[in-house]
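Please read the structure below before turning to the comments.
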Amino acid sequence: MGGSAVARLLFSRMMRYHFETEDMQIKPDPDTEKLIEKELEEGRFPDASSLVGVALKHFLIARELGEEYTREQIGAKVDRGLAELEAGEGLDGEAFFEGLRRREKAPHRPR
């Protein structure tokens, strides 16, 4: 199942769950609460429910695709990427995404 199919499946399950349960209240720990407040202050989300909903969807999709990382792993990946850029080993972003678009449109071949 492709990434977009997984995302649609997870989203439909989450929406069905939302409509079949009563509203719930969640009390985040102080650090998480600060993160939520910062995102809201910066205007990225209209309210905490929207932010938590998007974050949960992204987490579930990443987990389903096997892309869970700890903060340390993410930090290491960022550090490695920055070192590659400084060494002139970076990729042109537009060219990279154009390649992804072409690959998505190409007929899939069995491996």
Go through the range 38-52 and give me each residue that's over 19 Å from E68 (Cβ atoms) and either surrounded by 13 or more Cβ atoms within 10 Å (Cβ to Cβ) or hydroxyl-bearing (S, T, Y) (or both).
-> E39, L40, F45, A48, S49, S50, L51
From the set of residues in the range 39-53 that are touching a residue at least 12 places away in the same chain (Cβ under 8 Å) and touching a helix residue (DSSP H, G or I) at 6+ places or on another chain (Cβ under 6 Å), which is farthest from Q25 (Cα to Cα)?
-> E39
Name every residue in the range 68-79 that is modelled with pLDDT of 85 or more and surrounded by 10 or more Cβ atoms within 10 Å (Cβ to Cβ), in order of residue number.
-> Q73, G75, A76, K77, V78, D79
So, of the residues in the range 56-67 that are over 17 Å from D23 (Cα atoms) and touching a helix residue (DSSP H, G or I) at 6+ places or on another chain (Cβ under 9 Å), which turns out to be surrounded by the fewest Cβ atoms within 10 Å (Cβ to Cβ)?
-> E67
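Yes/no per residue for (1) surrounded by 10 or more Cβ atoms within 10 Å (Cβ to Cβ); (2) of a type outside the set (F, W, Y); (3) outside the structural domain of L100 (by TED's automatic domain parsing); (4) modelled with pLDDT under 80:
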| position | (1), (2), (3), (4) |
| --- | --- |
| A7 | yes, yes, yes, yes |
| F19 | no, no, yes, yes |
| K27 | no, yes, yes, no |
| L85 | yes, yes, no, no |
Pairs only if they're at least six apart or on different chains, beta carbon under 9 angstrom, first in the range 54-72 and aliphatic (A, V, I, L, M), second in a loop (DSSP other than H, G, I, E, B); list them, first residue then second.
-> V54/F45; I61/E67; A62/E68; A62/Y69
Taking into account only those residues within the range 87-111 that are among the small types (G, A, S) and surrounded by fewer than 10 Cβ atoms within 10 Å (Cβ to Cβ), which is modelled with the highest pLDDT?
-> A87
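The values are calculated or read from the model by the stated rules, or taken from the named source; none is laboratory data. None of these values were measured; they are calculated from a predicted model. Reconstructed Cβ throughout: ideal geometry from the backbone, glycine too, with neighbour counts over all protein chains shown.
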